[in-house]
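Notes follow once the structure below has been shown.
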Amino acid sequence: MRNRTDNRRQPTEVTTVRARASAATPPAVTVSLVARMLREAFEGPPGPWTYFIDSSAATGVFGTIGGLNAAQASQKAGPNNTTIAGHVHHLNASLALSRQALRGVSTSHDRSLSWTLSTVDDAAWIALRAELQREYESLLVAVLSHATWDEDALGVAFGAIAHAAYHLGAMRQRLTPHDRNP
């Protein structure tokens, strides 16, 4: 005679996913976390602890580039002889594409044109930093106002955060000890 307990099915991947979905993170928590991580990448540490950057002052993108002049931002370094100005220009384009993607606009994945700038004069450096501030603020507004956090939206948001963190690290590595913020 067969034991009835032998007929029970083990949980499948589908039932496990459904169980997780019923206990999903509330949208407000998702938005808050994504916004906090974007702020951390660009504005710096929000308090005594951080998710991924140094907790000392001025370690976000804006703090890292804020004290640099055009000559420092145009100094070539690294494996591809890129400049901090080039990284900022690239981040501007990337933030704009992320904002568009969150708004449902189809975007190109070709980022090669965003590496066309490498040197700047004083006026261009000021304008480039101001553009970065605008693009960051526009993406933050898009995140805060985004209604449906599906896989695509989360991928765009987390991709923007990871991309910004990568370029923040690349820019900080190009700083000379004299250029570094305390």
What pairs come out if I take residues in the range 128-151 that are under 17 Å from Val88 (Cβ atoms) and at pLDDT 95 or above and pair them with residues that are crowded, with 20+ Cβ neighbours inside 10 Å and of a type in the set (Ser, Thr, Tyr) whose C-beta lies under 6 Å away, six or more apart or interchain?
Leu139/Ser98
Quick one: would you say Ala35 is closer than 22 Å to Gly155 by Cα and outside any loop (DSSP other than H, G, I, E, B)?
yes
May I ask you to say which residue of Ala57, Ala21 is among the small types (Gly, Ala, Ser), at pLDDT below 80 and more than 19 Å from Leu139 (Cα to Cα)?
Ala21
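Yes or no, residue by residue, for (1) farther than 20 Å from Gln133 by Cβ; (2) not aliphatic (A, V, I, L, M):
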position: Thr50; (1), (2): yes, yes
position: Asp54; (1), (2): yes, yes
position: Gly60; (1), (2): no, yes
position: Leu68; (1), (2): no, no
position: Pro79; (1), (2): yes, yes
position: Thr83; (1), (2): no, yes
position: His90; (1), (2): no, yes
position: Leu95; (1), (2): no, no
position: Gly104; (1), (2): yes, yes
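Condition check ((1) of a type in the set (Gly, Ala, Ser); (2) surrounded by 13 or more Cβ atoms within 10 Å (Cβ to Cβ); (3) closer than 30 Å to Ala28 by Cβ; (4) touching a helix residue (DSSP H, G or I) at 6+ places or on another chain (Cβ under 8 Å)) across all residues:
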| position | (1), (2), (3), (4) |
| --- | --- |
| Leu91 | no, yes, yes, yes |
| Ser94 | yes, yes, yes, yes |
| Ser98 | yes, yes, yes, yes |
| Trp115 | no, yes, no, yes |
| Ser118 | yes, yes, no, yes |
| Leu132 | no, yes, yes, yes |
| His146 | no, yes, yes, yes |
| Ala165 | yes, yes, yes, yes |
Scan the helices (runs of 4 or more DSSP H) fully inside the range 48-137 and keep the ones with 3 or more residues being at negative phi and more than 16 Å from the chain's Cα centre (by Cα).
70-73, 84-102
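The values are calculated or read from the model by the stated rules, or taken from the named source; none is laboratory data. Just so it is clear, the structure is predicted and the values come from calculations on it, not from any experiment. Heads up, the Cβs are rebuilt from the backbone with ideal geometry, glycines too, and the neighbour counts pull from every protein chain shown.
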